[in-house]
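This report concerns only the one structure given below.
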Amino acid sequence: MVSPVTVVKSEGPKLVPFFKATCVYFVLWLPTSSPSWFSALIKCLPIFCLWMFLLAHGFNFLGASSNARKIFAGLVFSALGDAFLIWQEQGYFVHGLLMFAIAHILYSSAFGMKPVNVTAGLVVTAVSSVSYLLLYPYLSGPFTYLVAVYIGLIGFMGWRAVAGLQLANDLWTWTKLCACLGAVLFMVSDLTIAVNKFCFPVPNSRAIIMATYYAAQMLISLSVVECQDAEGARKRA
């Protein structure tokens, strides 16, 4: 198992642009009431940096690891979703929802279907169901089923990420922990979006949404680092 210290030393420098771009977003804090291509660029910049983070491991890495390619593709669709959500009040909210739904499908595929971990599945299903039941009275029109489908997809992604951790059996790795935490933070971010949009204003909602979102995407990106470490170990053997 790759140690946390090794991960930080190896991957930390590659994540510096991401942290800088995230700081730029929070320092500028451009008003959401005036959407523009510049505000879209600033919002998407940290995700672009995560593209570069994965590309920094080399094209051979992406070519050899299907999971890394799926995470990379998920980041591409996430950036498109971010851009659409800049203009959500102009009618592009559903477009953003679709982009992130595709990203969750890609992330789920990257996390895989083994181990199944029925307990984790039941817990995530319960959380997802309660979330939808709380939102349901505030939903109308197509959002009644669109939100249901989206919650199902992100819940499935969360299940697959949590299922891979296996803390009880001591079969976990640092990168699987990253996937688990990333998925949970993504669910927190999206639930905050839903409550704030459909139910009632959440205090400091934008800060909560974006902080958890950027952290989630970073952790999910880190979840494929172990693929490269495993490949390197096989070559040395």
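The values are calculated or read from the model by the stated rules, or taken from the named source; none is laboratory data. Just so you know, these numbers come straight off a predicted model, no measurement behind them. Heads up, the Cβs are rebuilt from the backbone with ideal geometry, glycines too, and the neighbour counts pull from every protein chain shown. Areas reflect the complete protein model, heavy atoms only, side chains present, ligands, DNA and RNA absent. Shrake-Rupley method; radii C 1.70, N 1.55, O 1.52, S 1.80 Å.
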Notebook entry, point to check: Yes or no: GLY164 open to solvent by less than 60 Å² (accessible area, probe 1.4 Å), more than 13 Å from the chain's Cα centre (by Cα) and in contact (Cβ under 8 Å) with a residue 12 or more places away in the chain?
Noted result: yes
Next item on the list: Determine the pairs where a residue that is on the phi > 0 side of the Ramachandran plot, located within the range 84-108, has a partner that is open to solvent by less than 50 Å² (accessible area, probe 1.4 Å) and modelled with pLDDT of 95 or more with Cβ atoms under 9 Å apart, the partner being 6 or more residues away or on another chain.
Entry: none
Next item on the list: Please find, within the range 71-98, the residue that is least open to solvent (accessible area, probe 1.4 Å) out of those that are under 17 Å from CYS44 (Cβ atoms) and outside any helix (DSSP H, G or I).
Entry: TRP87
Notebook entry, point to check: Only one residue in SER109, SER65 is within 26 Å of GLN166 (Cα to Cα), open to solvent by less than 20 Å² (accessible area, probe 1.4 Å) and of a type outside the set (A, V, I, L, M). Which one?
Noted result: SER65
Check: Can you spot a residue in the range 24-46 that is within 21 Å of VAL225 (Cβ to Cβ) and either of a type outside the set (Lys, Arg) or part of a helix (DSSP H, G or I) (or both)?
Finding: yes
Margin query: Could you tell me how many of the residues in the range 185-214 are open to solvent by 60 Å² or more (accessible area, probe 1.4 Å), over 17 Å from ASP82 (Cα atoms) and of a type in the set (A, V, I, L, M)?
Written below: 0
Next item on the list: Consider PHE38 carefully, then state whether it is open to solvent by 60 Å² or more (accessible area, probe 1.4 Å), closer than 22 Å to GLY74 by Cβ and among the aromatic types (Phe, Trp, Tyr).
Entry: no
Checklist line | Single condition TYR136 does not satisfy, out of (1) open to solvent by less than 50 Å² (accessible area, probe 1.4 Å); (2) farther than 20 Å from ALA161 by Cα | finding: (1)
Notebook entry, point to check: Which of the residues belonging to the range 153-204 are under 14 Å from THR125 (Cα atoms) and in contact with a Ser or Thr (Cβ under 6 Å, 6 or more places away or on another chain)?
Noted result: GLY155, PHE156, MET157, ARG160
Check: Of the residues THR144, THR175, which is under 19 Å from LEU222 (Cα atoms) and either among the β-branched types (Val, Ile, Thr) or open to solvent by 70 Å² or more (accessible area, probe 1.4 Å) (or both)?
Finding: THR175
Check: Does ASN60 qualify as being open to solvent by less than 60 Å² (accessible area, probe 1.4 Å), modelled with pLDDT under 95 and among the polar types (S, T, N, Q)?
Finding: no
Notebook entry, point to check: Which of the residues spanning the range 112-126 are open to solvent by 80 Å² or more (accessible area, probe 1.4 Å) and either part of a loop (DSSP other than H, G, I, E, B) or closer than 19 Å to ILE193 by Cα (or both)?
Noted result: MET113, LYS114
Note to self: Among the residues in the range 15-25, are any among the β-branched types (Val, Ile, Thr) and either open to solvent by 70 Å² or more (accessible area, probe 1.4 Å) or in contact (Cβ under 8 Å) with a residue 24 or more places away in the chain (or both)?
What the structure shows: yes
